[in-house]
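Chemist: Let me give you the structure first, and then I'll get to my questions.
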Amino acid sequence: MKDADAVVFVVDDDSSIRKAIESLVKLAGLRVETFGTAQEFLRNERPDLPGCVVLDVELPGLSGLDLQRELAAHGIKLPIIFITGYGDIPMSVRAMKAGALEFLTKPFRDQDLLNAIQQALERDRATRQHSREIAELRERFDALTSREREVMSLVVAGLLNKQIGFELGISEITVKIHRGRVMNKMGAQSLAELVRMTERLEIPTAKDQ
Amino acid sequence: MNKFLTKLFLSDFMPHGYCYLWDPRIVWLHAVSDGLIAFAYYLIPLMLIYFVRRRRDLPFHWMFLMFGLFIFGCGTTHLMEVWTVWHATYRLAGVIKAFTALASLATAALLVTLIPQALALPSPEQLRTANANLEKEIRERLLVEEALQRAHGELESKVQQRTAELARANDQLRGEIGERRRAEGALQEAQTLFENFFEFSPDAIVVTDGNGRITKVNSQVEKFFGYTRAELLGLPVETLIPERFRAAHPDHRARYTAHPSVRPMGAGLELYGGRKDGAEFPVDITLSPVGTADGPIFLSVIRDVSEKKRAEEALHKAQAELAHVSRLMTLGELTASISHEVNQPLTAIVTQGQVCLRLLALETPRPDEMRAAVERIVGDANRASEVIQRIRAIAKRSEPQMVSLDINDAIREAILLVQREVLSHGVSLRTELASALPPVLGDRVQLQQVIINLLINGVEAMAPITDRPREILIRSQQHEAGQVHVAVQDSGIGIDSETAERLFSAFFTTKPSGMGMGLSISRSIIRAHGGKLWVSPNPVHGAAFQFTVPTNG
C-alpha cells in the first residue's frame, strides 16, 4: 500500500514503541512522523495530506483521550487509532464513542495496525474528498442570487412551478428561467441531484421551515 | 372514877380570896404574880425542850426533860393558886401539887445521883487546855512525821536512782550482748545469704585466683558447662572456653589482670562458652576483681544468652518477614504499573519482530535495517528483564544486606517502578537529587521500599486535589555530617498535627483500602538503618515525608 501522499502520526511516550511502529509503517510504504507527547504533536504543523494518528492512551501530561478531545475541539478530523497497555472496556467504549477508529491492546499484531491505518487513511481521504466537494458546492451555492436561492429552496421542497410563482408572486415563466439558472449554476443534471446537493450542503429547505 | 372526877372538880370549900379578905390589892397581887410565875414556868420547859431537841449531843439530856417536867408542874401549881382565889377546887390543886412534888423529888433524886457524874465531866476550860495540848501534840507529831517522810522519800529516791543506774547499766550490758549476738547473727546470715546468692544465682559464677585457676564455682556452672564442681576446681579457667578461642585467652587474661576493673568482657564481641561435650553456647560475661588478704581474685559472672539470642533472631526474622509482606502488598498495589513497565518493551519487541519478519520476506534483503531492528529487540528484552529483576529483588524474601550504595540510584530505580502509577494519577514527579552524595550504608531493597511507600502515599494524598497541580518532589541532600537526607514532598491535603502523631503507628490508615502498615514498617526499616523518619507540613500545601540514613564510613 505504497502511498507517499499520506502521513501517519505516531504519539507514544515510549521511544522503543515509537521506533518499532515507525519501522513497521515505513516498511508499509507510508510517511511517518513520531511524537513523544500530545503537546509536541499539537505544536507541530501537519502537512495537508490524508493522514491518521496512532495514539497511546497513557501519555504523561495530556493523555491520549485528552488529545482526542482537544483535536475534536479544534475541528481536526484526523482518524485516531488508540493503542494501550491496559485496554479496559470502559476506556475503549469512551474512545470509540468519541470517534476513534480502532482500539488496539499492546502488543498488537502488525497486520491489525496496518489494516487499521489503511482504513483510517481511506476514511480521511473520503472525509477530505467530501470536504472538498462540499466546499465546491458551497462555492456554487454562494454564486446564486437571493431570488434563485428562494426558487431552489421551493423546488427541492417539491413545489410545481405554478405554485412557486404563486408563493413568490411572480409569473410561472419567470420561475422557469430562475430554475434553469439554478440547475445550471449548481451543475445539477436532475432535480434528484439538486435535492442531494441541498442535503449535503445542509441547507434548510422550505419543507423544513 | 366518875365520882372521883366529880369530887375532884368540886369546889365545896371557901375560895382562897377569902383568906385575902377579897382585898383586891392582895388578891390581884397574888393572882398576877402567880400568873406571871406560871407563864414563866411554862416558857422555861418549852425552851428546855427546844434546846434539848437541837442539842442531841448534850450529856444527860433526859435530865433537862426532867427539869422541864418539874418546872411545868410548878407552873401548874401557881396557875392553880390563881384559880383557887376564886374557885375552891383544893382537891385538884392538892393533886397537882402532889404530882409536882413527885416530879420535884424524882428530879432531885436523879440530880443527886447525877451530880458526881456531871462533876466528872471536864469543864470547858479543861477541855480547851486538853484540846490545845492535843493540837500541839498533833502538830509536833505531824512535823516529825513530815520529817520522817522526807527522810524516807530521800532514801527512796536514792534507792530508785541507784536502781535505775543499775538497770541502765544492765540494759546497756544486755544491749551490748544483744548487739554482738545480732552482729554475729547478721554475719552468719550474710554468709548464708552470700552462699545462697552465689549458689543459686541464675548466672554461672566462676572465681579464679591470680593465676587463672578455678577456686570456686556455683551450681549453674555445672549446669551450663556440664562439668562437676570437683572436676573444675584447680583447673585453668580456659577449660570453660571453646577450643577455638582457648589459645588466645591467657594473653587477654594477663592484660586484664594487669589492669583489673569491673567491666563486661569482650565488649562488642560475641562470646561463647564451651561445654564439656564440646558444644558452644553464647554468653555475656562480667568480670570483677576482688581484693583479698591473699591477693586479688576474679569473679566472672557468666550469663547464658541463648534464649535472648534466639528471641532477637526471631524478632529480627519477624520484622524482615513483615517488611517482606508489606513489599509484596506494595507490589500488589503496583501491579498495573509494573505490568505496564514490562508490557512496553514487550510491545516494542513484538512489533520489531514483526518488522523483521516482513524484512525477511522482502525479495531484496535489507541487512542494515534487520540489524537495527534486532538490536532494538535485544535492548528492549534486556529492559523488560531488568524490570522483572527489580521486582524479583523486591519480592524476594531475603535477609537484609547492608551494603554501601548511592541513595540517588536507589531513588531513581524506585521511581521507575512507580512512575506509571504516578502518571496515571495525573501527578507530575520532579527530582532534585544532590550530586556527589557520599554513599550510605543500607539495604537497597528496604530503602527502596520506604521510598516507594512514601511516593505512593504522596500520590494518594493528592487524589482529592483538583484545584491545583498535583506535584511530587523528591529531594536528596547531605544532612548533618554522616547523614543523607531524603524528602518526598507532595501538594496534597496535608496532615494535621493530631494525625501526624498516629501516622506511624501500625494499623493506622486514612485510606479506605489501606492496611496501615506502610509507614509503620518504613519507620522501623529506617530505624534499623540508624536513621529517622518523620513528617512535616509544607508551607502552603501538602506534607513532606523525610528520612535520614547514615553514610557509610
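Chemist: When the Cα centres of the stretch A:96-139 and the stretch B:71-95 are compared, how far apart do they sit, in Å?
Modeler: The two parts, judged by their Cα centres, are 189 Å apart.
Chemist: Under 21 Å Cα-Cα from residue B:309, which lysines qualify once same-chain neighbours fewer than 8 residues away are excluded?
Modeler: Cross-link targets: B:223, B:317.
Chemist: Let me ask you something else. So, in nm, how far is label residue A:196 from label residue B:275 when the simple model puts each one 7 Å beyond its Cα toward the Cβ?
Modeler: 10.5
Chemist: A follow-up question, please. Which one, A:155, A:54, A:32, has the greatest fluctuation when you compute a Gaussian network model over chain A with C-alpha springs under 10 angstrom?
Modeler: A:155
Chemist: Quick one: compute the contact order of the stretch B:139-261, relative version, from alpha carbon pairs under 8 angstrom and 6+ residues apart, as a percent.
Modeler: 13
Chemist: If amide H atoms are built 1.01 Å from N in the plane of the peptide, which residues on other chains or at least 5 residues away come under 5 Å of the amide H of residue B:433?
Modeler: Those qualifying (amide H under 5 Å, at least 5 residues apart or on another chain) are B:476.
Chemist: Quote the FRET efficiency, to the nearest 0.05, computed for residue B:61 versus residue B:121 with a Förster distance R0 of 22 Å and r equal to the Cβ-Cβ distance.
Modeler: 0.95
Chemist: Is the shape of the stretch B:514-553 best called rounded, prolate or oblate, per the rule: a/c under 1.5 gives rounded, else a/b larger than b/c gives prolate, else oblate, with a ≥ b ≥ c the square roots of the Cα gyration tensor eigenvalues?
Modeler: Oblate, since a/c reaches 1.5 and b/c is not below a/b.
Chemist: Suppose we keep just the DSSP beta bridges with both residues in the stretch B:373-532; what percent of those would be antiparallel, to 5?
Modeler: That works out to approximately 60 percent antiparallel.
Chemist: Another question, then. Any chance you could check the Cα centroid distance between the stretch B:99-119 and the stretch A:54-93 for me, in angstrom?
Modeler: Their Cα centres are 170 Å away from one another.
Chemist: Next question. With a cut-off of 16 Å, note down the residues of the stretch B:524-539 whose backbone N falls inside the zone around a label point 7 Å from the Cα of residue B:468 toward its beta carbon.
Modeler: B:536-539
Chemist: For the stretch B:152-231 and the stretch B:274-311, write down the distance between their C-alpha centroids in whole Å.
Modeler: 28
Chemist: Here's another thing I want to ask about it. Across the residues of A:20-26, average count of Cβ atoms on other protein chains within 10 Å?
Modeler: 6
Chemist: Which percentage, to the nearest 5, of the DSSP beta bridges contained in chain A is antiparallel?
Modeler: 0
Chemist: By counting other Cβ atoms within 10 Å of each Cβ, how are A:71, B:331, A:55 ranked from fewest to most?
Modeler: Fewest-to-most Cβ neighbours within 10 Å comes out as B:331, A:71, A:55.
Chemist: Still on this structure, please answer the following. For labels at residue B:534 and residue B:109 in the simple 7 Å Cα→Cβ model, what's the distance in nm?
Modeler: 13.9
Chemist: Taking 0.36 nm per intervening residue step and subtracting the Cα-Cα distance, what contour gain separates residue B:39 from residue B:366 on full extension?
Modeler: 98.4 nm
Chemist: Let me ask something else. Could you compute the FRET efficiency for residue A:69 and residue A:173, with r as their C-beta to C-beta distance and R0 at 51 Å, rounded to 0.05?
Modeler: FRET efficiency, residue A:69 to residue A:173: 0.40.
Chemist: Quick check: residue separation of residue B:399 and residue B:261 times 0.36 nm, minus the Cα distance between them. What number comes out in nm?
Modeler: 45.8 nm
Chemist: Go through the stretch B:29-42 residue by residue and turn each phi into a ³J(HN,Hα) via Karplus (6.51, -1.76, 1.60, θ = phi - 60°); whole Hz please, and just put x for glycine and proline.
Modeler: Result, rounded to whole Hz: 4, 5, 4, 5, 4, 4, x, 5, 4, 4, 4, 5, 5, 6.
Chemist: Within 10 Å of each Cβ of B:364-374, how many other protein chain Cβ atoms are there on average?
Modeler: 1
Chemist: With springs connecting C-alpha atoms under 10 Å apart, model chain A as a Gaussian network and identify which of A:90, A:50, A:60 has the largest mean-square fluctuation.
Modeler: A:90
Chemist: Still on this model: For chain A, calculate the relative contact order in percent as a whole number, restricting contacts to Cα pairs under 8 Å that are 6 or more residues apart.
Modeler: With pairs under 8 Å counted, the relative contact order is 14 percent.
Chemist: Residue-wise, which Karplus ³J(HN,Hα) couplings in Hz belong to the stretch B:188-198, taking 6.51 cos²θ - 1.76 cosθ + 1.60, θ = phi - 60°, and x for glycine or proline?
Modeler: 4, 5, 4, 4, 5, 4, 4, 4, 5, 4, 4
Chemist: Still on this structure: At a Förster radius of 30 Å, what calculated FRET efficiency corresponds to the Cβ-Cβ distance of residue A:15 and residue B:478, to the nearest 0.05?
Modeler: 0.30
Chemist: Given Cα pairs under 8 Å that are at least 6 residues apart, what percent is the relative contact order of the stretch A:2-43?
Modeler: After rounding, I find 50 percent.
Chemist: Long-range amide H contacts for residue A:35: which residues qualify at under 5 Å (H placed 1.01 Å from N, peptide plane, sequence gap of 5 or more or a different chain)?
Modeler: It is A:10, A:11, A:12, by chain and number.
Chemist: Something else about it: Taking the simple approach of a point 7 Å from Cα along Cα-to-Cβ for both residue A:42 and residue B:247, what is their distance in nm?
Modeler: Output for this residue pair reads 7.9 nm.
Chemist: Another question, if that's okay. What length, rounded to one decimal in nm, is gained on full extension from residue B:235 through to residue B:406, with 0.36 nm per residue of separation minus their alpha-carbon distance?
Modeler: 56.1 nm
Chemist: In the protein assembly as shown, what percentage of the DSSP-assigned beta bridges are antiparallel, given to the nearest 5?
Modeler: Once the DSSP bridges in the protein assembly as shown are tallied, antiparallel ones form about 65 percent.
Chemist: In addition: Sort the protein assembly as shown into rounded, prolate or oblate with this rule: let a ≥ b ≥ c be the square roots of the eigenvalues of the Cα gyration tensor; rounded if a/c is under 1.5, and if a/c is not under 1.5, prolate when a/b is larger than b/c, oblate otherwise.
Modeler: oblate
Chemist: Let me ask something additional. Return the long-range amide H neighbours of residue A:7 (sequence gap of 5 or more, or a different chain), with a cut-off of under 5 Å between placed amide H atoms.
Modeler: A:51, A:52
Chemist: Further, regarding this structure: Apply the Karplus curve 6.51 cos²θ - 1.76 cosθ + 1.60, θ = phi - 60°, to the phi angles in the stretch A:10-23 and return the couplings in whole Hz, x for Gly and Pro.
Modeler: 10, 10, 8, 7, 8, 5, 4, 5, 3, 4, 5, 5, 4, 4
Chemist: Under 1.5 on a/c is rounded, so check that first for the stretch B:109-202, then, if it is not, pick prolate when a/b is larger than b/c and oblate when it is not; a ≥ b ≥ c are the square roots of the alpha carbon gyration tensor eigenvalues.
Modeler: prolate
Throughout, read-outs are computed from the coordinates displayed, never taken from laboratory work. Just so it is clear, the model here is predicted, and its values are computed rather than measured. Here Cβ is always computed from backbone atoms with ideal geometry, including for glycine, and neighbour counts include all displayed protein chains.
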